[in-house]
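Notes follow the structure.
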């Protein structure tokens, strides 16, 4: 795995290997610490209290998409095109002012509408928590661009340190408070707010660190230009969040806090997939933004070559998660969450397709509106099907299956949109034969591990998981070598044979 990750990051174009690696580290640590928080709170809080806490985060995440107005993506896009450090500081200052203003509106809305939001989600206990939580937007919104700034300025190592320390502080504050208070939701919420204030303050300071001692230059960037770029991204962000959170809303509204906790723990994409796609997206956006100005064909080529590199890291783990979902859920969250294994399997299916984000490619090619339209169609279909499901087929599995099906359909539409507008069939440029071999090797190795568990009769979930992982890794190496898998970077214009057989 180490050599494959090295090859993956080393194959990224434009000298961005180190940046991608550090972004991956920051995403990985953040996801792992978030998972540790979920594991701890699942045991320290009752399902209803834990579900209420998750609903607080859900409401905040939903409104964050609305009030951020697509501004986080503006930092990478516009900073990649400036010609001097002074212009860069001017861009950061202008965007940060917008973020501060929207943070104030966000906080006020969250405070005033807390009871209405609690009623909408069918949980009266949410109201007081949301009023306390209204401090978080004031603290975090000014720092939403820190990732884009640090990646574009090639300071991802500092970004990784910041993310790791801020998430660790959140973990300590929240978990220690939950343990000391007996799992009281109000105390845990206050602890989260305190950690957010510290994190936001440090993040804002870090945002200006690349421009310390530099005088801001106005440049040619206007607020109108910012909004022309941000609005399609904003709309796409809203539609995308509807797609990702619609299922959670219907479960929260119609199934209760206990089932919401099961659904939230089960129906989650595996952390590695989120790490890889987030890291790739963060690095590709400024790179493709530059390439699109001079060589659109190479811009598409870089994106296509990233698919196999991402799949070589994500697919083996995704297949493992699908096969061993029950053992994973019991090991992480306890026996009471074994029923969430079906949901985890469905969520892992998405990771087999969504391995490289379309947002950097379509934004660089000027297809942001098409990106938003596809997400709008997907969101409308998903909400309609969820309404039918809670009325006629009320089950968590049905809600999850609808989410996966519509998400996969949206990905196919994005492929079609790029191919039609660029006159380049993306699927013809993908290494389909190598991807098929990779999938066969992943499946065979996991089945071998399952056979070992069946033969030995291991029933303890953590023990079975460790044994299966050891067998799967060894078998994957053997089968992969037999199938001729190569984990080397694809360079230049090289495109592997796209025939499956």
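The values are calculated or read from the model by the stated rules, or taken from the named source; none is laboratory data. Just so it is clear, the model here is predicted, and its values are computed rather than measured. With ideal geometry, Cβ positions are generated from the backbone for all residues, glycine too; neighbour counts draw on all protein chains shown.
General remarks:
- The residues listed here are 135, 100; of these, the one that is at pLDDT 85 or above and crowded, with 18+ Cβ neighbours inside 10 Å is 135.
- Exactly one residue out of 392, 371 is without any contact (Cβ under 8 Å) to a residue 12 or more places away in the chain and within 29 Å of residue 343 (Cβ to Cβ), and it is 392.
- Looking at 212, 155, just one residue is more than 17 Å from residue 37 (Cα to Cα) and surrounded by fewer than 16 Cβ atoms within 10 Å (Cβ to Cβ), and that residue is 212.
- Members of the stretch 338-368 found to be in a helix (DSSP H, G or I), over 18 Å from the mean Cα position of the chain (by Cα) and surrounded by fewer than 22 Cβ atoms within 10 Å (Cβ to Cβ), listed by number: 338, 339, 341, 342
- In the set 393, 371, only one residue is surrounded by fewer than 19 Cβ atoms within 10 Å (Cβ to Cβ) and modelled with pLDDT under 85; that residue is 393.
- Taking (1) closer than 21 Å to residue 260 by Cα; (2) in contact (Cβ under 8 Å) with a residue 60 or more places away in the chain in turn, residue 170 satisfies each apart from (1).
- Residues of the stretch 406-436 that turn out to be without any contact (Cβ under 8 Å) to a residue 12 or more places away in the chain, surrounded by 13 or more Cβ atoms within 10 Å (Cβ to Cβ) and in a helix (DSSP H, G or I), as a count: 2
- Selection over the stretch 266-284 of residues that are in a helix (DSSP H, G or I), surrounded by fewer than 24 Cβ atoms within 10 Å (Cβ to Cβ) and over 9 Å from the mean Cα position of the chain (by Cα) gives a count of 2.
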